[in-house]
Protein chains: 4
Amino acid sequence: MKKLGVGLVGSGFMGRSHAHAFRAAAGIFPLPLTPVLELLADVDDDVAAKAAQGLGFARSTGDWKALIADPAVDLVDITTPNVLHKPIALAAIAAGKPVYCEKPLAPNAAEAKEMVDAAEAKGIVTAVGFNYLKNPMVALAREIVASGEIGEVVSFRGIHAEDYMTDPAAPFTWRLDAAGGHGVVADLGSHIISIARHVVGPIESVVGQIKTVTGERPAGPGASEMRKVEVDDEARALVQFAGGATGSLEATWVAAGRKMTLAFAVTGTRGTIAVDHERLNELQLYTTGQPGGREGFKTILAGPAHDSYAAFCPAPGHQLGFNDIKTIEVKALVTALAGGEKFLPDFREAWEIQRVVDAVVRSAREKRWLDVSEV
Amino acid sequence: MKKLGVGLVGSGFMGRSHAHAFRAAAGIFPLPLTPVLELLADVDDDVAAKAAQGLGFARSTGDWKALIADPAVDLVDITTPNVLHKPIALAAIAAGKPVYCEKPLAPNAAEAKEMVDAAEAKGIVTAVGFNYLKNPMVALAREIVASGEIGEVVSFRGIHAEDYMTDPAAPFTWRLDAAGGHGVVADLGSHIISIARHVVGPIESVVGQIKTVTGERPAGPGASEMRKVEVDDEARALVQFAGGATGSLEATWVAAGRKMTLAFAVTGTRGTIAVDHERLNELQLYTTGQPGGREGFKTILAGPAHDSYAAFCPAPGHQLGFNDIKTIEVKALVTALAGGEKFLPDFREAWEIQRVVDAVVRSAREKRWLDVSEV
Amino acid sequence: MKKLGVGLVGSGFMGRSHAHAFRAAAGIFPLPLTPVLELLADVDDDVAAKAAQGLGFARSTGDWKALIADPAVDLVDITTPNVLHKPIALAAIAAGKPVYCEKPLAPNAAEAKEMVDAAEAKGIVTAVGFNYLKNPMVALAREIVASGEIGEVVSFRGIHAEDYMTDPAAPFTWRLDAAGGHGVVADLGSHIISIARHVVGPIESVVGQIKTVTGERPAGPGASEMRKVEVDDEARALVQFAGGATGSLEATWVAAGRKMTLAFAVTGTRGTIAVDHERLNELQLYTTGQPGGREGFKTILAGPAHDSYAAFCPAPGHQLGFNDIKTIEVKALVTALAGGEKFLPDFREAWEIQRVVDAVVRSAREKRWLDVSEV
Amino acid sequence: MKKLGVGLVGSGFMGRSHAHAFRAAAGIFPLPLTPVLELLADVDDDVAAKAAQGLGFARSTGDWKALIADPAVDLVDITTPNVLHKPIALAAIAAGKPVYCEKPLAPNAAEAKEMVDAAEAKGIVTAVGFNYLKNPMVALAREIVASGEIGEVVSFRGIHAEDYMTDPAAPFTWRLDAAGGHGVVADLGSHIISIARHVVGPIESVVGQIKTVTGERPAGPGASEMRKVEVDDEARALVQFAGGATGSLEATWVAAGRKMTLAFAVTGTRGTIAVDHERLNELQLYTTGQPGGREGFKTILAGPAHDSYAAFCPAPGHQLGFNDIKTIEVKALVTALAGGEKFLPDFREAWEIQRVVDAVVRSAREKRWLDVSEV
């Protein structure tokens, strides 16, 4: 079978996850192309060499430009800090290579739009790693809404809460650097926005609220000097969807005890859906019209009847994990690269998500409702 | 022991609950006064007579003014539709009698303020039935926050969702009549606002969003003509607390499948609390600093160690119910009437709650942030 | 309306609960007789007088025989330690008075049978306080099984676990006195047996296992001398139902952390039911034949569609509590005393339950399967 | 790095899972040997060739003897129906090759013992796929018990319930063939027995109960003729552990609605643990001695602090899946094959598990308690 040479830039949390997903996807799914872990780039030759060995890449480089130029690299996969997404992606696009980029796409919507324009001008396939959209239970939520099983959507209530920045002594990281964009509203907020758009549709206007809970942090691990934090630790917004539904979104990385509360409820005129990624294999479904005395939310466990699950396990309820979701994402991407169904979210969709992120922040700063189109 | 003659005006859902609570409280708690179900007033003599028999009142009347004037009535208890709260309460106050009134106190903050002023001018004891504040698990939440166990409060996320108006064919009722005030934001929203204030403190400003989901409904049970609905079916707001915390509030009576989702989470700098009244005997607590590998939310079941529970049952986990919570409220009221600890929420607190309700609605209509002090 | 003079013997945990239930029932339900808390008997005059005042009884006595003889006492209600159930009940029966007795009925099946025979010989109405049978969710379980909604019953898996004897330093109480019968298998085990019989039907044979976890305990509160414990702290059994189903039962009062885990699952050929009294307002229901991809257990919240709930609250999901269940029991008893539907479980049913208790213990001691008919 | 040539016999549900795990393990963990999917054997050349391509094996064969003889095969991995485990394993052992075999090891304890003896006589490394023992939450349960955090173990209550044979029209499969051993007690029961032994220790005696719920089934998919079912659809047992604890075990594949209820609770003198594989990333922990009013079960979410999790994801609560657990198993096996920590469960442990399986069945047939040593 034809091979797909993967060039990975970045080898942190998400780099590892991508490498694993490419490796796993070929065994799990009947892919049209065989991914090969061809080349890994990182900040310098040593870091890259070590990471390549650990993640199973054939070769490594300290220069991402070399990676893009490498003839064996068919796909440029970007898992660097956000601030680097644009230069790398633009270079890859210029080289005519498809790009798979982690979220959020760019520090702000304007830069994201540049990336969209560049990619669309050259007809490049792009993909952004909003992985939870590939969770079969999120796919099921979308399917249930689209089918009308819960009627017209009335409201959406979503949150992405984790607690990794709760400790005021947790040091400054690139996620806190305003140069890379906003804070939690970008890092986690973009996930819940991506789900809101995926399941309900476009968001027309927002009114936001953001807060920096810990105003300064040690400048780095073990550092004694402090560094000012300029991004948000917590953000929330009321939203108006284009289709008429309303809702609220929230993101926080200081929610003590929440490890992976990417949770949402969609209420329709004839039912309600709820999903929480701390139990990512479950979807709660209520529909009106159940027999009297037998009404209740149903807990649906992910199983072979749901999108992509059967490839992992023929038995229901046996549970998919975080990396499996990424593997589904890779399958969708490889399929698209081979000319199959278009991959979503692409750069354009990621830009739309980023516009909502920016709108929340700007609305919060200006203390007013804002049309997303203003961004 | 001295008796407390109870005069109840109104005999619907909450009237029944009050009657039961007065009856039960005397057996459950060592009360300083013995409540006597003395007189019940309703829309006419027949309705009142029938209700009095069903609820165990000694006498009945079709004229609430007669009830207030009745020398055996020591406490005027109002469970009528909201629009009647003010005239009855003002008359009772004028007669120098303490008033126990269901929530929300009045159709709007201005009228609520008249009631506060009247009561305070005469030094009348007042009480408003925000019963969930008496849930031992809500008391525990307040205690945990006040003690600093979860550090400084960072955020509050609350909702009161039920589904009794989901069906578009559900007929118009007094709850939908704009003359009585706002819609769900008053009926259910006032509960979650009362908890937010009780646990976290005063709310300084809000930005709200309201929606009428079903624009017209059958004018009454079985009616073929339709009546326009002018109040909100759904409301939400972002809020800024005076103490620095931020948060969101939501109320809806069209949340298919939600029967009693009066739920909130309080996140502090060192922990998180969560409560949901569909499981009103549970409180989830997470605190930072747990040993590695053993971190988790704890599910605390209501038991004798918590406020008022022991009077109902000496064994933990045996569950209190909706009416038990009301019984605790009545105990607190009777205690206050006998000169014990002041009852809260009184009219003043209910007015403060109403101001937030009004602020949410006005903010939504004006599409802007609003200081609650503007109301 | 005609009054029902209640004579209560015993004023501990269950005495309080009975007093409350009689008081509450009249306000909650349209009863055919009005219960009056007429006379309370306890170990001596002082204890009885104090308890009577606390529980709202009109009079008191230190002599339960006087209570039985009292002409104002229409119903003899026994909430004493188990060892006293028989003499008091037999005396009441001899006096021709109906008896309401706490569970378990007697220290052993033989004594329970004497009580049955005496009552039946005189046609006396009897009632035993297996209160959880009156939980609307248990009634719903029974209804679902009886209706065939889950097909033929295949198996039953039940447990009643609490933790009040977990601490080895918890002192000896009458519950541990072998003179009063068995240990936890009688105290808690009888509850899960009562449910098994109520929902599934008669139990034909058992093989049991019992264990005394803490072999000796302080002889009393604060005592320094120790007393040997001869009864079981933990018991379990495999069972064969007469109708063909099989199952397991377990009882323990040393299950650290379990406060009210009276839980069971019934599996049928076409579905499964599960109930846990730590969330006594919920029933989990799964039925086969659900649409593909939409299969799941449904969480049914107690509401007005279920037995007796509507009398407490017109709104679903608002939660009943422990005492409400006892109030339903009292309603059923008063109804029966007025000539309405026969009350179950009566002495005969309680004897049948006791036979299973005894069979478990004897089977455990003899290390063999035992037909319940051998007891 | 040195390679490990994997020869897989069988390509069904578990064959797929093994192939995936070998592929994934090398990317997830820093393995001492690099697994290579060398050769796949199945019932005939065509089936094997097709499976090899699907699962990513380099070569295939219709003859498992050829696989054992193949010099590139360093490890013989058996995922065939149970009845074939013995001949293949014995041949591999004779060839001096390590064996990785799916569970249960053999149709009965006697045959399992032959396998143990053969392997031990030649000093062959063996491994049996009781994968749930590798779940980090099961490892945590074992660690908590071993550390004494919950005191001495008092009892164990375990069940493995699924519903894949609920439908009476589900056709006969090899799992139902008595030639391959027992029914659900072997297929699922062996899992819960393996956990009971892993967490609590050896089981000394049992009394069992087994039942065939559906007495005959279509002989195959779409078949009109019926075939008698001679194995159990449901089994349960009371058990006595050698260390003094007691407990119960249950297995059923006709538990409507249960998809992966491999669940257990361990009660100790100072705490309780509970795990359910329908939520395999959670462990419930209660310990005595918590502060008053703050007592509760803690829900611990799997995270980097727990065994092996960090290799999959640096963030807690992000969830492992079924295949990840198998990947941990493979890591442990590859480590052992490279001379690292001994792999458990090996053939000897699998034989001990099988003895309990056999003891439950024999005890059920003979209707008596049985020492496991009798098997």
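The values are calculated or read from the model by the stated rules, or taken from the named source; none is laboratory data. Since the structure is predicted, the reported quantities are computational estimates derived from the model, not experimental observations. With ideal geometry, Cβ positions are generated from the backbone for all residues, glycine too; neighbour counts draw on all protein chains shown. Each accessible area value is taken on the protein alone, full model and side chains, heavy atoms only, with ligands, DNA and RNA left out. Shrake-Rupley method; radii C 1.70, N 1.55, O 1.52, S 1.80 Å.
Here is the figure for the stretch A:270-314: residues that are closer than 22 Å to C:Asn281 by Cβ and assigned to a helix (DSSP H, G or I) total 1. Considering only the stretch B:28-36, I want to know if a residue exists there that is in contact (Cβ under 8 Å) with a residue 12 or more places away in the chain and assigned to a helix (DSSP H, G or I). Scanning the stretch B:28-36, I find at least one residue that is in contact (Cβ under 8 Å) with a residue 12 or more places away in the chain and assigned to a helix (DSSP H, G or I), so the answer is yes.
If you go through the stretch C:247-262 one residue at a time, how many are among the β-branched types (Val, Ile, Thr), more than 22 Å from C:Asn108 (Cβ to Cβ) and crowded, with 24+ Cβ neighbours inside 10 Å? Full working, then the answer.
Step one: of the stretch C:247-262, the residues among the β-branched types (Val, Ile, Thr) are C:252, C:254, C:261.
Then drop every residue that is not more than 22 Å from C:Asn108 (Cβ to Cβ), which leaves C:254, C:261.
Add one more test, that the residue is crowded, with 24+ Cβ neighbours inside 10 Å, and what stays is C:254.
So the count comes out to 1.
Looking for something polar (S, T, N, Q), facing another protein chain (nearest Cβ under 7 Å), under 30 Å from A:Thr261 (Cα atoms) and open to solvent by 30 Å² or more (accessible area, probe 1.4 Å) - is there at least one such residue anywhere in the stretch D:263-283? Checked the stretch D:263-283: no residue is polar (S, T, N, Q), facing another protein chain (nearest Cβ under 7 Å), under 30 Å from A:Thr261 (Cα atoms) and open to solvent by 30 Å² or more (accessible area, probe 1.4 Å).
Scanning the stretch B:1-33 for residues being more than 9 Å from every other protein chain (Cβ to nearest Cβ) and of a type in the set (Ser, Thr, Tyr) gives a total of 1.
I'd like the full set of residues that are away from every other protein chain (no Cβ under 14 Å), open to solvent by 20 Å² or more (accessible area, probe 1.4 Å) and either farther than 18 Å from A:Gly12 by Cα or in contact with an Asp or Glu (Cβ under 8 Å, 6 or more places away or on another chain) (or both), limited to the stretch A:48-60. Before you say what the answer is, go through the steps one by one.
The initial filter retains those residues of the stretch A:48-60 that are away from every other protein chain (no Cβ under 14 Å), namely A:48-49, A:59-60.
Okay, now just the ones that are also open to solvent by 20 Å² or more (accessible area, probe 1.4 Å), so A:49, A:59-60.
Those that are away from every other protein chain (no Cβ under 14 Å), open to solvent by 20 Å² or more (accessible area, probe 1.4 Å) and either farther than 18 Å from A:Gly12 by Cα or in contact with an Asp or Glu (Cβ under 8 Å, 6 or more places away or on another chain) (or both): A:Arg59, A:Ser60.
Being open to solvent by 40 Å² or more (accessible area, probe 1.4 Å) and without any contact (Cβ under 8 Å) to a residue 60 or more places away in the chain is the filter here; which residues of the stretch A:301-338 pass it? Listed by number, the residues that qualify are A:Pro304, A:Ala305, A:Ala310, A:Pro314, A:Pro316. In a helix (DSSP H, G or I), open to solvent by less than 30 Å² (accessible area, probe 1.4 Å) and either of a type in the set (Phe, Trp, Tyr) or not assigned by TED's automatic domain parsing to the domain that holds D:Ile78 (or both): does that describe D:Ala170? Criteria not met by D:Ala170.
Among the residues of the stretch D:67-120, the ones that are part of a helix (DSSP H, G or I), open to solvent by 30 Å² or more (accessible area, probe 1.4 Å) and not small (Gly, Ala, Ser) come to 10 in all. If the condition is being at the interface with chain A (Cβ under 7 Å from one of its Cβ atoms) and touching a strand residue (DSSP E or B) at 6+ places or on another chain (Cβ under 9 Å), then the stretch D:319-338 contributes only D:Gln319. If you filter the stretch B:352-375 down to residues that are open to solvent by less than 80 Å² (accessible area, probe 1.4 Å) and polar (S, T, N, Q), you find that the one that is farthest from the chain's Cα centre (by Cα) is B:Ser363. Would you kindly identify the strands (runs of 3 or more DSSP E) lying entirely within the stretch A:184-257 that contain at least 3 residues that are more than 14 Å from chain B (Cβ to nearest Cβ)? Qualifying strands (runs of 3 or more DSSP E): A:226-228.
Conditions (1) surrounded by fewer than 18 Cβ atoms within 10 Å (Cβ to Cβ); (2) aromatic (Phe, Trp, Tyr); (3) not assigned by TED's automatic domain parsing to the domain that holds D:Ile192, marked per residue:
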{"site": "D:Lys122", "(1), (2), (3)": "yes, no, yes"}
{"site": "D:Thr126", "(1), (2), (3)": "no, no, yes"}
{"site": "D:Ala139", "(1), (2), (3)": "no, no, no"}
{"site": "D:Glu143", "(1), (2), (3)": "yes, no, no"}
{"site": "D:Ala146", "(1), (2), (3)": "yes, no, no"}
{"site": "D:Val154", "(1), (2), (3)": "no, no, no"}
{"site": "D:Gly158", "(1), (2), (3)": "no, no, no"}
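Taking every residue in the stretch C:105-118 that is over 17 Å from C:Ala178 (Cβ atoms) and pairing it with any residue that is part of a loop (DSSP other than H, G, I, E, B) and open to solvent by 10 Å² or more (accessible area, probe 1.4 Å), at least 6 positions away or on another chain, yields no pair with a Cβ-Cβ distance below 7 Å. Screening A:Glu204, A:Glu234 for residues that are acidic (Asp, Glu), open to solvent by 10 Å² or more (accessible area, probe 1.4 Å) and in contact with a strand residue (DSSP E or B) (Cβ under 8 Å, 6 or more places away or on another chain) leaves exactly one candidate, A:Glu204. Please enumerate the residues belonging to the stretch B:339-350 that are open to solvent by less than 10 Å² (accessible area, probe 1.4 Å), over 17 Å from B:Ala21 (Cα atoms) and not in a helix (DSSP H, G or I). B:Pro345 - this is the single residue of the stretch B:339-350 that is open to solvent by less than 10 Å² (accessible area, probe 1.4 Å), over 17 Å from B:Ala21 (Cα atoms) and not in a helix (DSSP H, G or I).
Would you pick out the residues in the stretch C:124-167 that are assigned to a strand (DSSP E or B) and in contact with a helix residue (DSSP H, G or I) (Cβ under 8 Å, 6 or more places away or on another chain)? Across the stretch C:124-167, the qualifying residues are C:Thr126, C:Ala127, C:Val128, C:Val153, C:Phe156, C:Gly158, C:Ile159, C:His160.
Might you let me know whether the stretch A:293-309 holds any residue that is modelled with pLDDT under 95 and over 30 Å from A:Thr166 (Cβ atoms)?
Yes, some residue in the stretch A:293-309 is modelled with pLDDT under 95 and over 30 Å from A:Thr166 (Cβ atoms).
Could you tell me whether any residue of the stretch C:38-47 is among the charged types (D, E, K, R), buried (at least 24 other Cβ atoms within 10 Å of the Cβ) and over 21 Å from the mean Cα position of the chain (by Cα)? Yes: one or more hits. State all residues of the stretch C:205-228 that are over 24 Å from D:Ser205 (Cβ atoms) and touching a residue at least 24 places away in the same chain (Cβ under 8 Å); if no residue qualifies, say none. Once the filter is applied, which keeps residues that are over 24 Å from D:Ser205 (Cβ atoms) and touching a residue at least 24 places away in the same chain (Cβ under 8 Å), the stretch C:205-228 yields C:Arg217, C:Pro218, C:Ala219, C:Gly220, C:Pro221, C:Gly222, C:Ala223, C:Arg227.
For C:Gly317, the conditions (1) in a loop (DSSP other than H, G, I, E, B); (2) in contact with a His (Cβ under 6 Å, 6 or more places away or on another chain) are fulfilled apart from (2).
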